[in-house]
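Asks: Take this structure first; my questions come after.
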Amino acid sequence: ILDIGATGQKPLNTNVGQVQYEPQSIEAPKNTFIDGKLASANISSFLNLDEQTSTRWHQNQVKSGALTIKWHLTAQHKTSTWDYYLTRPGWNPNQPLSILNFEKITSIDDQGKLPAKDVAQTINIPTDRSGYNVLLGVWNISDTANAFYQAVDLNITK
């Protein structure tokens, strides 16, 4: 589960479907970047995550520059890379998510190592981003064909 430090006792989003019980299960083949299905990784029981409007999801308040990302791994897997994608300037938050509207901003190579159960990484949010954006974190497993996907909605300020 990807966390940017904005978790609390009360759920921040409603009507999310089955993923509320197993957010750690957004696992699909690597490079599952299907237009309109990015947040769910095209998993049928998680399709609620693909609903996209400018007001649908809670937006975590962050600043451009260094951002600490935390992953809590319910099952550890040898890791090739951790990839982070951010929506491009000018993307339309009222259209389904498309990988064409994202750019990879960071890739961290774990060289096939087994990570700890709790992983903290620092990425850089570009200074040309502000307002509502979506961060897509992809945890690529080194010894299987799969990856884990997590989308986080952000409100970026300077």
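No value in this document is a laboratory result; all are computed from the given coordinates. Being a predicted model, the structure only gives us computed values, none of them experimental. So basically every Cβ, Gly included, is an ideal-geometry build from the backbone, and we count neighbours across all protein chains shown.
Asks: Sorted by packing (mean other beta-carbon atoms within 10 Å per residue), highest first, where do 115-124, 149-158 land?
Replies: Most protected by this proxy first, the peptides run 149-158, 115-124.
Asks: Something else now. Semi-axes of the equivalent ellipsoid of the range 27-157: what are they in whole Å, largest first, if each equals the square root of 5 times a C-alpha gyration tensor eigenvalue?
Replies: 23, 18, 12
Asks: Could I have the simple spin-label model distance between Asn15 and Gln76, label points 7 Å from Cα toward Cβ, reported in nm to one decimal?
Replies: If labels sit at Asn15 and Gln76, their model points lie 4.1 nm apart.
Asks: I would also like to ask the following. At a 10 angstrom cut-off on C-beta neighbours, averaged per residue, how do the peptides 79-87, 31-39, 102-110 rank from highest to lowest?
Replies: Ranked from most to least packed, the peptides come out as 79-87, 31-39, 102-110.
Asks: In what order do Val138, Val19 fall by count of nearby beta-carbon atoms within 10 Å, going from fewest to most?
Replies: Ranked by crowding around the Cβ, least crowded first: Val19, Val138.
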